[in-house]
Every structure is written in C-alpha cells, then in structure tokens.
Amino acid sequence: MIKKVYKANILYTKERSRFEILENGYVAVDANGCVAAVATDLMSIDCENAEMIDFGDRLLIPAMNDLHVHAPQYRNQGIAMDLELMEWLQNYTFPEETKYADTAYAERMYRRFVRDLWRVGTMRSCTFATLHTESTRVLMRLFREAGMGALVGKVGMNRTCPESLSEPVEQMVQGYESLIAEFNDPEGLVRPIVTPRFVPSCTPEMLRACGELAAKYQLHVQSHLSENRGEIALVRQLEPESTSYGDAYDRYGLFGQTPTVMAHCVFTEGEELALMKKRGVMVAHCPTSNLNVTTGIAPVRQFLSEGLLVGLGSDISGGHTLSIFQVMVYAIQMSKLHYQRDHARSFLTMSEVFWMATKSAGSFFGRVGSFEPGYEFDALVIDDRDLNHDHYSLLERLERFIYLGDDRQIERRFCRGREIPQPVSIPK
Ligand SMILES: [Zn+2]
C-alpha cells in the first residue's frame, strides 16, 4: 500500500546513457520504504489515503552510495597528500589505524565520520574499519542508530604490516563470528563484509579463512586490486602460482563467489579483466585517491564497454573528499586526461558518473540507487536556490549543484523510505 507521495523535480538514471527527468513529478513510496510508482501524472498513481509531501521547486534525486571508504582514516583526511602509496601507508595510515585498539577513541572518530557521511548525502557505504573487533562493532552500531546502510569490514591483515596491526587467523575468524552474531539479518541495513586488506597483507591462511567466512555466512567481499605497479609485483612474488592479482583472490574464494567489489583496478587488463567480467566482480573507481597517491588513471571507459559494473568510492583518506558529488567531477576530469592520451576511448559523461554513483553502486546493496518501482527509496532533496537556478534547465541545475554545490543545498535525506535526521551529536 502506498504510504507517501513526494512531489518535486525528479532526476535519476535508469540507464547510464541518459537521465530520466520529471518536472513536477511524483514518487510514491510504500510501507516497506520502496518506490511503488514514479510519474508526472498523479492520476496514474493509486494513492488514496497516502500522505502528500510537496517539495515545490526543489530537486529530488537518489542518495549517494560510497563504494570504497576507510572510516578509521577519517582524521587523516587532507594530510600527507604529497606522498606516494607505500610511504603514506607506513607513515600515516598504519599509525592512525593502530589507535583504534582504543574503543573510546574509535567512538569519538566514528561519530564524526557517520555524521559527515550523512552531511554529504551518502546513505549507503562500503566501509573498511580496522582489525579491531570491538571498534568495528562501535562503527556498525553507529550506522544502525543513524538508520543509514553500510557494509562494514573488520580488516584481515597478518603480514607485511606493523606488529600492532597484525592479528592471528583464528582470532580474526572469532572476531567476525561475534560481529555476525550481532548483525545477522540478511535484510538488515548494516552488515559485516569480508575484508582482507589486500593480498600483500594477508598470508594464504588468512585469505583462505576469509574465503571460508564469505561462503559459510554468504557475506559480501571487498578489497583492493591492481592499484599500483609495485603492489602488483609484490603479489606476483607472494602468490607465485597465481596467474594475475585477481586470480590470487579467486583461488581463495574472494573474487565473485559472493558479491565482491574491488577498489581501484587501475592496471586491470587482459585475463584479470576477463575474470572480473566472468565472476561479476564490481569496480570501485576512486579517482581522487588515484590522483593523490599517484597510482594512475583507471580505464573506466573500457570497463563500462566490457559490461563491468563500476561504482564510485571516496577512498578516504587516499581520497581527500567524502562527497561523492565531488568524486563524480573528478571521475569526469580523470577520464578526460585519459582521453587526451587515447582518443579511441571517449571520456565519461554526467549521466554516466551519476549512474555509477547511484544505480550501479547501489546494486551492491540490493535494489538501491534508482526511483524505478521496487527500488528502496534512498533520496536527497536539493534546494539549489542559492546557485541561481532561474534560467537553467533541471539537468543544468543538477549539474551546477554537482560541480558547485555542497551539503548546504542538501535539505533532506532518506534511506529505505525513512527520513534520516542528523545522526548522533559529536562529544566535545
Ligand atoms: Zn582503500
């Protein structure tokens, strides 16, 4: 039964090649928080007894999904951006993640993180935590309290990392099982996701145990793939029997045996790309991070033409901005740099990056990221009056908000049909 009908200027991407635009349109939402209908004509919707909410001239768009972000690196956002990957990890990332052994510290930081994700309009995220089980639990509870969707990964790591960030395999498994026991609901908004940090930081035993956890509890998997040439060479050394970096995950059941997303894929090609396609492994494209830690330009156009699903990730703190709108801008700009080198592959368009951030990334969380009937109603109401919209089309208004706007224009946020108020205050 239809519970609410929202009226606004509606924009979303059913297909990646173009926007669906409904001037003064209606979205009807049922009691389960799912879209029941979307139309320009109210008469076509059977909505007797439904509550009508009129957002006037505002824009109504699907909420953002962040497919790759490191919550414990939030404090490092915007610092050490003049280093390359390995130096940045050793000197900044690992020391900060070590602090999450202290759950009080974790709670203080994670409250900020969840509040700021809310602020930038990201209602679902695929998040790395640290290896610390109790701090990871704190983050999951904060997401649950907020009513925001998240797949949260306790990080598996036990080699090529500082002693303080290494955990025995058995302890890792027990930690996961205790989180699974608390967040067991397959329909729940917040769920654990199996998260080996990346092949170089996991022994074969750790990778095998991760694959077994994913299979046993039917959990999603996330990790990093082919971000940097040094890393790829290291994987070749550590897993000599694997035919590619992707194959090193595949051998342990961590490459699409359950829904899987791999961040970066800057150097993914040939056999690895074919395997991703075959297994339906998603790409989390993180253009800001690729620039900041100088890894390279991912061949996103090729991924799309090969039929791979690509979403966008902020990759805090390799990436410097939590806003997926800003990440969209960088994705277009990076693809234009790629185009300058290779005119055979066209650069990305606004509808394509919007689709990547909404319907494509959303598919990792279920039926999320579109206003088609049956999709969970995750939405943002954008009041762009201060961006002088008078003489622009609806699409131009959206584009200007993406390029010029920020959280000040995001007036309301919805996740699975529920309006989400600002989460938890930040302790002084
Ligand atoms: Zn990452």
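Looking only at helices (runs of 4 or more DSSP H) that lie completely in region 38-153, which have at least 3 residues being modelled with pLDDT of 95 or more and within 30 Å of residue 384 (Cα to Cα)?
Fully inside region 38-153 and qualifying: 103-119, 133-146.
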* To do: Give just the number: which of (1) out of contact with any strand residue (DSSP E or B) (no Cβ under 7 Å at 6 or more places or on another chain); (2) within 16 Å of the ligand (Cβ to nearest atom) does residue 256 not satisfy?
  => (2)
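From the list 106, 101, 37, pick out the single residue that is under 30 Å from residue 136 (Cα atoms) and crowded, with 16+ Cβ neighbours inside 10 Å. Don't jump to the end; show me each part of the working.
Details: 101 fails: crowded, with 16+ Cβ neighbours inside 10 Å; 37 fails: under 30 Å from residue 136 (Cα atoms).
Step by step, each of 106, 101, 37 is checked, and only 106 is under 30 Å from residue 136 (Cα atoms) and crowded, with 16+ Cβ neighbours inside 10 Å.
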* Mind checking which residues of region 289-302 are in a loop (DSSP other than H, G, I, E, B) and either aliphatic (A, V, I, L, M) or within 16 Å of the ligand (Cβ to nearest atom) (or both)? -> 293, 294, 295, 296, 297, 298
* Asked: Scanning region 244-260 for residues that are in contact with a helix residue (DSSP H, G or I) (Cβ under 7 Å, 6 or more places away or on another chain) and part of a loop (DSSP other than H, G, I, E, B), which turns out nearest to residue 273 (Cα to Cα)?
  -> 244
* Asked: What about residue 178, is it assigned to a loop (DSSP other than H, G, I, E, B) and more than 29 Å from residue 92 (Cβ to Cβ)?
  -> no
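Out of 13, 98, 93, I need the residue that is touching a residue at least 40 places away in the same chain (Cβ under 8 Å), within 16 Å of the ligand (Cβ to nearest atom) and of a type in the set (Ser, Thr, Tyr). Which one? Break it down into steps so the answer makes sense when it comes.
Working: 13 fails: within 16 Å of the ligand (Cβ to nearest atom); 98 fails: within 16 Å of the ligand (Cβ to nearest atom).
Checking each option against the conditions leaves just 93.
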* Examine region 327-344 for a residue that is among the small types (Gly, Ala, Ser), within 28 Å of residue 399 (Cβ to Cβ) and surrounded by fewer than 20 Cβ atoms within 10 Å (Cβ to Cβ), and state whether such a residue exists. => yes
* Applying the selection to region 44-86, what residues are without any contact (Cβ under 8 Å) to a residue 12 or more places away in the chain and either closer than 21 Å to residue 23 by Cα or within 16 Å of the ligand (Cβ to nearest atom) (or both)? -> 44
* So how many residues does region 292-302 have that are without any contact (Cβ under 8 Å) to a residue 60 or more places away in the chain, out of contact with any Cys (no Cβ under 6 Å at 6 or more places or on another chain) and among the hydrophobic types (A, V, I, L, M, F, W, C)? -> 2
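Here are 117, 142, 219: which of them is closer than 16 Å to residue 72 by Cα, buried (at least 18 other Cβ atoms within 10 Å of the Cβ) and touching a Ser or Thr at 6+ places or on another chain (Cβ under 9 Å)?
Working: 142 fails: touching a Ser or Thr at 6+ places or on another chain (Cβ under 9 Å); 219 fails: closer than 16 Å to residue 72 by Cα.
Of the residues listed, the single one that is closer than 16 Å to residue 72 by Cα, buried (at least 18 other Cβ atoms within 10 Å of the Cβ) and touching a Ser or Thr at 6+ places or on another chain (Cβ under 9 Å) is 117.
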* Structure fact -> Counting only residues that are within 16 Å of the ligand (Cβ to nearest atom), β-branched (Val, Ile, Thr) and not in a helix (DSSP H, G or I), region 213-243 contains a total of 1
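Within region 264-274, does at least one residue satisfy the condition of being in a loop (DSSP other than H, G, I, E, B), more than 16 Å from the ligand (Cβ to nearest atom) and in contact (Cβ under 8 Å) with a residue 24 or more places away in the chain?
Within region 264-274, the first condition is being in a loop (DSSP other than H, G, I, E, B), and the residues that meet it are 265-269.
Among the residues that remain, those that are also more than 16 Å from the ligand (Cβ to nearest atom) are: 269.
With in contact (Cβ under 8 Å) with a residue 24 or more places away in the chain added as a condition, the list becomes 269.
There is at least one residue in region 264-274 that is in a loop (DSSP other than H, G, I, E, B), more than 16 Å from the ligand (Cβ to nearest atom) and in contact (Cβ under 8 Å) with a residue 24 or more places away in the chain.
Tell me which strands (runs of 3 or more DSSP E) are completely within region 303-419 and hold 3 or more residues being more than 16 Å from the ligand (Cβ to nearest atom) and touching a residue at least 60 places away in the same chain (Cβ under 8 Å), or say none if there are none.
On the way: elements: 310-312, 379-382, 410-415.
Once the strands (runs of 3 or more DSSP E) in region 303-419 are filtered for at least 3 residues that are more than 16 Å from the ligand (Cβ to nearest atom) and touching a residue at least 60 places away in the same chain (Cβ under 8 Å), what remains is 379-382, 410-415.
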* Could you tell me which residue of region 181-194 is nearest to residue 122 (Cα to Cα), considering only residues that are within 21 Å of the chain's Cα centre (by Cα) and outside any loop (DSSP other than H, G, I, E, B)? => 190
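The values are calculated or read from the model by the stated rules, or taken from the named source; none is laboratory data. Predicted model only: the values in this text are computed from it and were never measured. Please note: Cβ atoms are built from the backbone with ideal geometry, for glycine as well, and neighbour counts cover all protein chains shown.
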